[in-house]
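**Student:** This is the structure I have questions about; it appears just below.
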C-alpha cells in the first residue's frame with residue numbers, strides 16, 4: 001500500500017525567533033539545529049516552541065533573534081535517556097520555512113480556511129487509556145496519547161489535552177481507536193516536586209485539541225466529531 005505519511009502529521013506555526021540556533025545532530029553530513037519560536041495565542045500569552053531545522057533551510061541574513069518566520073512541518077517525538085530513565089522529547093520538525101517577506105498567502109487553517117498562526121493536524125491511534133478528570137473549578141479535561149505513524153516503520157507519540165465536552169467524549173474512547181485531531185501546539189510550565197521538598201519548574205509540550213473525530217475504518221469516514229473552542 002502506498003501511504004503518504006505526511007497526511008498523518010502536518011502543522012503550520014508563525015511566530016518570532018527568540019533564541020540563537022544551537023546544534024542538535026548530524027545525519028549523512030547534514031547538520032540540524034534547534035531554535036525557540038514564540039507563537040502568540042489569542043490571549044495575551046504566547047507559546048515557546050522548540051523547532052528542529054536543517055542547515056539547508058537557514059538563510060543567515062534573514063534568520064536572527066526577533067525575525068518573523070512561518071514554519072511548515074510536523075510535530076515529532078523521540079526518546080532520550082537521562083539518568084537511566086527514558087524521557088519523551090517533543091519538537092517541531094521544519095520541512096519548510098518562510099521569512100517575513102515570503103509569508104503572505106502561506107497561512108491557511110485546515111478547519112475554516114482562514115489565516116492561522118498555530119495549527120496541527122494529526123491522524124493516529126489512541127495508545128493509552130485517556131485520563132479524564134475535573135479541575136477544582138469543575139472544568140473537564142482529558143489527557144490523550146496518540147501514536148502517529150511515520151515512514152520507515154517509525155511512530156511519533158504525541159500527548160494531547162482535550163477540554164469540556166470533547167474531554168467527556170474522550171474518556172470512553174478505546175485504546176487502538178484511530179482518530180483525527182485538529183488543534184494547536186502549546187507549551188505549559190509546571191512544578192515538579194521531589195521527596196526532599198525541593199521543586200523545579202519544567203516545560204511540557206502537547207497538542208491542545210480543538211476538534212476530534214473517530215475514523216471509521218470500514219468506509220474511511222468520521223463516525224463522530226467533537227469540537228471545543230480553542
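The values are calculated or read from the model by the stated rules, or taken from the named source; none is laboratory data. What you are looking at is a predicted structure, and each value in this text was computed from that prediction instead of being measured. With ideal geometry, Cβ positions are generated from the backbone for all residues, glycine too; neighbour counts draw on all protein chains shown.
**Student:** Give region 133-149 a look and list any residue that's touching a strand residue (DSSP E or B) at 6+ places or on another chain (Cβ under 9 Å) and either within 16 Å of residue 171 (Cβ to Cβ) or not assigned by TED's automatic domain parsing to the domain that holds residue 211 (or both), or say none.
**Tutor:** Let us first name the residues in region 133-149 that are touching a strand residue (DSSP E or B) at 6+ places or on another chain (Cβ under 9 Å), namely 133-135, 139-149.
The answer is 133, 134, 135, 139, 140, 141, 142, 143, 144, 145, 146.
**Student:** Would you mention how many residues in region 28-50 are in a strand (DSSP E or B) and either closer than 13 Å to residue 118 by Cα or modelled with pLDDT under 95 (or both)?
**Tutor:** From region 28-50, those in a strand (DSSP E or B) are 30-40, 46-50; that's our starting set.
From what's left, either closer than 13 Å to residue 118 by Cα or modelled with pLDDT under 95 (or both): 37-40, 46-49.
Going through region 28-50 one residue at a time, the tally reaches 8.
**Student:** Here's a follow-up. How many residues are in a strand (DSSP E or B) and within 22 Å of residue 120 (Cα to Cα) when one looks only at region 1-27? Before you say what the answer is, go through the steps one by one.
**Tutor:** Pass one, region 1-27, residues in a strand (DSSP E or B): 9-17, 22-27.
Going one step further and asking which of them are within 22 Å of residue 120 (Cα to Cα), we end up with 9-17.
Qualifying residue count, region 1-27: 9.
**Student:** Further question: Looking at 33, 5, 28 in this structure, which one is closer than 26 Å to residue 149 by Cβ and touching a strand residue (DSSP E or B) at 6+ places or on another chain (Cβ under 8 Å)? Break it down stepwise before answering.
**Tutor:** Values: 33 fails: closer than 26 Å to residue 149 by Cβ; 28 fails: touching a strand residue (DSSP E or B) at 6+ places or on another chain (Cβ under 8 Å).
After ruling out the rest, the residue left standing is 5.
**Student:** Scanning region 184-230 for residues that are surrounded by 17 or more Cβ atoms within 10 Å (Cβ to Cβ) and part of a loop (DSSP other than H, G, I, E, B), which turns out modelled with the lowest pLDDT?
**Tutor:** Restricting to residues being surrounded by 17 or more Cβ atoms within 10 Å (Cβ to Cβ) and part of a loop (DSSP other than H, G, I, E, B), the top hit is 230.
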